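The values are calculated or read from the model by the stated rules, or taken from the named source; none is laboratory data. Being a predicted model, the structure only gives us computed values, none of them experimental. Cβ placement follows ideal geometry from the backbone for every residue including glycine, while neighbour counts extend to all protein chains displayed. Only protein heavy atoms, including side chains, enter the accessible area calculation; ligands, DNA and RNA are left aside. Shrake-Rupley method; radii C 1.70, N 1.55, O 1.52, S 1.80 Å.
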Amino acid sequence: MTIIKSISGIRGIIGGFPGEGLTPVDVVKYTSAFGSWLKKTPGHKSVVVGRDARPSGEMIINMVRSSLMGLGIHVIDLGLMATPTVQIAVVDEKANGGIMVSASHNPGQWNALKLLNKSGQFLTESEGSEVYKIAEESRFSFAPVNKFGNLTIIEDYFKKHIDKILQLPAVDTEAIRARDFKIAIDCVNSSGGIIVPMLLEALGVNKVSKFFCEPTGRFARNPEPVSENITQICNEIRNGDFDLGIVVDPDVDRLALVSEDGSPYGEEYTLVAVADYVLSLKPGTAISNLSSSKALQDVALKWKGKYFASAVGEANVVKAMKEKKAVIGGEGSGGVIYPALHYGRDALVGISLFLSHLARSGVSASKLRSTLPNYHISKNIIELSHGIDINLVLQTIMKKYERHQVNTLDGVRIDFDNEWVHLRKSNTEPVIRIIAESDMKSKSEMLARKILSDIKEIISAKMQA
């Protein structure tokens, strides 16, 4: 399998041959290309770096630091960190960019270089294309020994991140403290095991039960925080006495919630619940991607706001949020983007806003969930085999359903009367994603099965041709 290059960065499975797995050769190549791209503008350059806890992280961060310093770039190393904290640090340290070493929700054998520009945001498509072109042409020139970059290590950025959150007017620490919440957390044995307890303590939550909070990087479950992967914490809550469950992914940019009865909110409803609160305080525009639940649109309209959809990917959502001056946005994967803090998916601000909402509401988490529009999403994948022409598959699907509303902003999304389906090639895995939504679980699953069947027929016909 080749390395995956996208607006989400460069990721792959550790080991193997260069260009196939994410090897030391590839880490140096793409880090050097990124540093060389930064150096195209004159002046002294600095880059903020951090990593999640997965076992390959320390090896990779050492190569990242050395490559950047070899280019003459000053490196600011935050150590074991969360992606949103690195994003904030890029701006606060007035750095020219950032690199977070994390494959986010991917399993432990994966890792990645998440590349950030001087705004602390993921590279745009055009910026990423420039970096990848430099990498392929090996257009990097390293500094002589007397002009190497230096290294600064900063160990307190989690506290700085939390302090910024506490200063947000929408974060109500008094209401949270008054509710005296008892909360269970699952941090998948990564960076969240450090920062989430710190945040909860700062918010006034004193009763916290920790699961998978040792930052060893040895993931005790599939790290993607979707309902089927968080059954242990759901059972703990179901059999215990808790007000809420909180689950994050390895680099703490995705958030999943569990009600007091042990039922998961569903990762789609993290953003919806937070948006319901934010828009009640400040009506305005909400943004999510084409693969996210229609519930966000319903909530925005409820508060007399507007809703727009972007292509999938944090950089695309942020671009749309800036264009539309959105007050809240994100992705249905559990990613909350709150521009009053910064333009990046941030589980920590999501936790703080949701707890404020829950505290002020005076009701249980499950009761709060029942006030939101109720839709059901079916998420499916087809692994891509060598030789499959994804563009031909999508064009054939478009032709078959051309009498319906078709959106080609990102893959193909087809809107029917009361349901929709979205097909696209993943930015982070070698798969086609098929996401379908309806007002009933059986209907969304039936629609997804129909589209899956269509795709398999198209692929089979192509292979027989």
Tally up the residues in the stretch 8-36 that are open to solvent by less than 10 Å² (accessible area, probe 1.4 Å), among the small types (Gly, Ala, Ser) and under 24 Å from Phe142 (Cα atoms), please. 4
Enumeration of residues in the stretch 59-106 that are of a type in the set (S, T, N, Q) and under 16 Å from the mean Cα position of the chain (by Cα): Thr83, Thr85, Gln87, Ser102, Ser104, Asn106
Within the bounds of the stretch 55-67, is there any residue that is touching a Pro at 6+ places or on another chain (Cβ under 9 Å), surrounded by fewer than 21 Cβ atoms within 10 Å (Cβ to Cβ) and at pLDDT 95 or above? yes
Which one of these is open to solvent by 10 Å² or more (accessible area, probe 1.4 Å) and in contact (Cβ under 8 Å) with a residue 40 or more places away in the chain: Lys5, Lys39? Lys5
Being in a strand (DSSP E or B), more than 18 Å from Ser8 (Cα to Cα) and in contact with a strand residue (DSSP E or B) (Cβ under 6 Å, 6 or more places away or on another chain) is the filter here, so list the residues in the stretch 78-112 that pass it. Leu78
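On the given criteria, is Glu457 part of a helix (DSSP H, G or I), more than 20 Å from Leu290 (Cβ to Cβ), modelled with pLDDT of 85 or more and more than 21 Å from the chain's Cα centre (by Cα)?
Numbers: part of a helix (DSSP H, G or I): yes; more than 20 Å from Leu290 (Cβ to Cβ): yes; modelled with pLDDT of 85 or more: yes; more than 21 Å from the chain's Cα centre (by Cα): yes.
So Glu457 fits the description; yes.
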Return a yes/no flag: does the stretch 48-58 have any residue that is at negative phi, assigned to a helix (DSSP H, G or I) and without any contact (Cβ under 8 Å) to a residue 24 or more places away in the chain. yes
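Can you name every residue in the stretch 320-368 that is part of a helix (DSSP H, G or I), within 19 Å of Ile88 (Cα to Cα) and in contact with a helix residue (DSSP H, G or I) (Cβ under 9 Å, 6 or more places away or on another chain)?
Just the residues of the stretch 320-368 that are part of a helix (DSSP H, G or I), to begin with: 320-324, 347-361, 365-368.
Filter once more, keeping what is within 19 Å of Ile88 (Cα to Cα): 321-322, 347-353.
Within the stretch 320-368, Ala347, Leu348, Val349, Gly350, Ile351, Ser352, Leu353 qualify.
Answer yes or no: is there a residue in the stretch 370-385 that is among the basic types (Lys, Arg) and free of Cβ contacts under 8 Å to residues at least 24 places away in the same chain. Step through it out loud before you land on a result.
Pass one, the stretch 370-385, residues among the basic types (Lys, Arg): 379.
If we keep only those that are free of Cβ contacts under 8 Å to residues at least 24 places away in the same chain as well, we get none.
Within the stretch 370-385, none of the residues are among the basic types (Lys, Arg) and free of Cβ contacts under 8 Å to residues at least 24 places away in the same chain.
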If you check every pair at least six apart or on different chains, which have Cβ atoms under 7 Å apart with a residue in the stretch 351-366 that is without any contact (Cβ under 8 Å) to a residue 60 or more places away in the chain first and a residue that is surrounded by fewer than 24 Cβ atoms within 10 Å (Cβ to Cβ) second? Ser361/Leu368
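Looking at the stretch 404-413, which of its residues are of a type outside the set (Gly, Ala, Ser) and buried (at least 17 other Cβ atoms within 10 Å of the Cβ)? Give the steps one after another, and end with the answer.
Residues of the stretch 404-413 that are of a type outside the set (Gly, Ala, Ser), as a first pass: 404-410, 412-413.
Correct list: Asp410, Val412, Arg413.
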In the stretch 37-47, what residues are closer than 17 Å to Arg139 by Cβ, in contact with a Leu (Cβ under 9 Å, 6 or more places away or on another chain) and not in a helix (DSSP H, G or I)? Lys39, Lys45
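Among what's in the stretch 414-459 and is out of contact with any strand residue (DSSP E or B) (no Cβ under 9 Å at 6 or more places or on another chain) and without any contact (Cβ under 8 Å) to a residue 24 or more places away in the chain, pick the residue that is most open to solvent (accessible area, probe 1.4 Å).
Step one: of the stretch 414-459, the residues out of contact with any strand residue (DSSP E or B) (no Cβ under 9 Å at 6 or more places or on another chain) are 417, 453-454, 457-458.
Then keep just the ones that are without any contact (Cβ under 8 Å) to a residue 24 or more places away in the chain; that gives 417, 453, 457.
Working: Asp417: 149, Ser453: 51, Glu457: 116 Å².
Checked the stretch 414-459; the qualifying residue most open to solvent (accessible area, probe 1.4 Å) is Asp417.
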In the stretch 272-314, which residue that is open to solvent by 20 Å² or more (accessible area, probe 1.4 Å) and assigned to a helix (DSSP H, G or I) is nearest to Arg413 (Cα to Cα)? Gln297
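Here is a yes/no grid of residues against (1) at pLDDT 90 or above; (2) closer than 25 Å to Ser8 by Cβ:
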{"residue": "Lys367", "(1), (2)": "yes, no"}
{"residue": "Thr371", "(1), (2)": "yes, no"}
{"residue": "His376", "(1), (2)": "yes, no"}
{"residue": "Ile381", "(1), (2)": "no, yes"}
{"residue": "Asn418", "(1), (2)": "no, no"}
Taking the criterion of being within 24 Å of Ser119 (Cα to Cα) and part of a helix (DSSP H, G or I), would at least one residue in the stretch 10-24 satisfy it? no
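Just to be sure, is Gly79 at pLDDT 95 or above, under 19 Å from Asp251 (Cα atoms) and surrounded by 20 or more Cβ atoms within 10 Å (Cβ to Cβ)?
For Gly79, the condition - at pLDDT 95 or above, under 19 Å from Asp251 (Cα atoms) and surrounded by 20 or more Cβ atoms within 10 Å (Cβ to Cβ) - is not met.
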Result of the Cβ filter at 9 Å on the stretch 142-166, keeping first residues that are free of Cβ contacts under 8 Å to residues at least 40 places away in the same chain and partners that are open to solvent by less than 100 Å² (accessible area, probe 1.4 Å) and in a loop (DSSP other than H, G, I, E, B), at least 6 apart or interchain, is Pro144/Gly72
Quick one: Phe34 ticks every box in (1) within 30 Å of Phe212 (Cα to Cα); (2) within 24 Å of the chain's Cα centre (by Cα) except a single one, so which number is it? (1)
Exactly one condition in (1) farther than 29 Å from Ala202 by Cα; (2) assigned to a loop (DSSP other than H, G, I, E, B) is false for Ser119; which is it? (1)
Single match in Ser292, Ser280 (criterion: more than 23 Å from His376 (Cβ to Cβ) and among the small types (Gly, Ala, Ser)): Ser280
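Going by the structure shown, is Glu20 under 23 Å from Val196 (Cα atoms), free of Cβ contacts under 8 Å to residues at least 40 places away in the same chain and of a type outside the set (S, T, N, Q)?
Values: under 23 Å from Val196 (Cα atoms): no; free of Cβ contacts under 8 Å to residues at least 40 places away in the same chain: yes; of a type outside the set (S, T, N, Q): yes.
So Glu20 does not fit the description; no.
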